[in-house]
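Asks: Structure in structure tokens, see below.
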Amino acid sequence: MNPNDNEELNAIREGVRALCAEFDAAYWRRIDEQKGFPETFVKALTDAGWLSAMIPEEYGGSGLGLAEASVILEEVNRCGGNSGTVHGQMYNMFTLLRHGSEAQKSFYLPKLASGELRLQSMGVTEPTTGTDTTKIKTTAIKRGDKYVINGQKVWISRIQHSDLMILLARTTPLAEVKKKSEGMSIFLVDLREAIGNGLTVQPIANMVNHETNELFFDNLELPLDSLIGEEGKGFKYILDGLNAERTLIAAECIGDGRWFIEKASAYARDRVVFGRPIGQNQGVQFPIPEAHIEIEAADLMRWRACEEYDSGKNAGASANMAKYLAAKASWEAANACLQTHGGFGFACEYDVERKFRETRLYQVAPISTNLILSYVAEHLLELPRSF
Ligand SMILES: Cc1cc2nc3c(=O)[nH]c(=O)nc-3n(C[C@H](O)[C@H](O)[C@H](O)COP(=O)(O)OP(=O)(O)OC[C@H]3O[C@@H](n4cnc5c(N)ncnc54)[C@H](O)[C@@H]3O)c2cc1C
């Protein structure tokens, strides 16, 4: 099967494209200039059911696989939009779906599917520990019928546009666990109740128009039933959802890459300097096919990850490699596109500089390129563990 020529996937592509056509380049440019949030777009995508693609039908979603979901986010970026504004809603629910109690699932999932509630945020990263997640210092201590949360998180996205947040906190001190990955737990935080009652949110101005924040927990009280799954197993639960998340991010980068390649090709055909189209010069031309080849190669790995995930196999290696290849390829495509546009690449009205900033993020977050390299080194090549 060629997933790029598959009837069902093509129908999804067309559906998402039709919706995205209502949110043109001027819309995204305006949102970026105003450092705003694309609320109308997010609502339209939610109402059309695209964001609930992977929620099972019994909970009101479409019950689709990762392949279908990846096409949705790819197309948002390929059409010039920024799926970083919505992707959390698609994948943050994995922890709930896989490890939540039946009561949690039947209460929350239908509301997430309909868009009544948003679960756009996941709080893992901390300022003093960064990538070294098992050293997180945010604690959740059981006191009576509450968990009391204290600590700090950083770079937690879309808090102002979410009702709920998945939170990773330590329930058993590091010194008291056998393995450092043990003793952390996952909580579902109702942000509407938490903000102002033990949770303070401080937005972080950043290079991309990505709504992201520092969080301060000062005796935030959570009901006991906000715990997801078993206490102490939260780190494992988070890891469980990452293969899907990485594959979806790879698809977003592929969408970006295709947008850059189309944009660069069109400009290289049309722009005439020295009496000929600039694309006739191989120095201008070659970086564009080079980027195309790399995006297509990354796409093959993305489909391998989707196929493995959707058939219940371990997609860890493919998902990580797809994310690595796609994030790198989209960045190369962004560079080629900007260079092709010369000075106009820097003008906001061409949208290249905006997409250039947006796609750069994916080599750092949600997982940095180095961490993928160390995963491959350790898990696939049996090299010594470096940390
Ligand atoms: C815009 C944005 C949105 C984000 N959204 C979220 C979110 O919603 N939720 C959330 O929890 N987090 C979020 N993050 C955090 C993101 O996942 C982290 O920034 C990322 O994982 C890197 O962590 P760090 O910034 O602390 O870098 P550090 O851990 O300080 O690392 C800095 C650099 O050193 C490298 N490095 C560190 N240790 C090693 C090593 N042992 N070997 C090789 N290289 C190493 C890293 O790869 C990185 O390039 C977001 C970040 C950004 C920028």
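Values in this text are rule-based calculations from the coordinates and carry no lab data. Keep in mind it's a predicted model, so treat the numbers as computed, not measured. Backbone-built Cβ (ideal geometry, glycine too); neighbour counts: all protein chains shown.
Asks: Report the FRET efficiency, 1/(1 + (r/R0)^6), for ARG276 and ALA297, where r is their Cβ-Cβ distance and R0 is 30 Å, rounded to 0.05.
Replies: On the way: r = 31 Å, r/R0 = 1.02.
The pair ARG276/ALA297 has a calculated efficiency of 0.45.
Asks: Could I ask something else about it? Identify all lysines with a Cα-Cα distance to LYS328 below 16 Å; exclude those on the same chain that are fewer than 8 residues away in sequence.
Replies: LYS355
Asks: Here is a further query. Tell me which residues come under 5 Å, amide H to amide H, from LYS142 once H is placed; ignore anything under 5 positions away on its chain.
Replies: VAL148
Asks: To test your reading of the geometry: what angle, between 0 and 90 degrees and rounded to tens, separates the Cα axis of helix 287-310 from the longest principal axis of the chain?
Replies: Tilt relative to the chain: about 30 degrees.
Asks: While we're here: In deg cm²/dmol, rounded to 500, what helix-only [θ] at 222 nm does the chain give when every DSSP H run of at least 4 residues adds -39500 (n - 2.57) and the total is split over its residues? Walk me through the numbers on the way to the answer.
Replies: On the way: 14 runs with 180 residues, N = 387.
It lands at -14500 deg cm²/dmol.
Asks: In degrees between 0 and 90, to the nearest 10, how far off the longest principal axis of the chain does helix 7-20 point, with axes built from Cα atoms?
Replies: With rounding to tens, the tilt is 90 degrees.
Asks: Given H placed on each backbone N at 1.01 Å, which residues far from SER101 in sequence or on other chains put an amide H within less than 5 Å of it?
Replies: Amide H neighbours of SER101, under 5 Å, 5+ apart: GLY229.
Asks: Dimensions of the chain along principal axes (Cα, Å, largest first)?
Replies: 79, 48, 41
Asks: Expressed as an acute angle from 0 to 90° and rounded to the nearest 10, what is the orientation of the C-alpha long axis of helix 102-114 relative to the principal long axis of the chain?
Replies: 30
Asks: Distance in nm between label sites at ARG30 and THR128, each 7 Å beyond Cα in the beta-carbon direction?
Replies: About 4.5 nm, to one decimal.
Asks: Just the isolated ones, please: cysteines in the chain lacking another cysteine beta carbon under 4.7 angstrom.
Replies: If one checks each Cβ against the other cysteines of the chain, CYS253, CYS306, CYS337, CYS348 turn up with nothing under 4.7 Å.
Asks: Let me ask something else about it. Which whole-number percent is the relative contact order of the range 56-148 (Cα, under 8 Å, 6+ apart)? Present the calculation step by step, with values, prior to reporting the outcome.
Replies: Values: 61 pairs, mean separation 22.3, N = 93.
Computed over the range 56-148, the figure is 24 percent.
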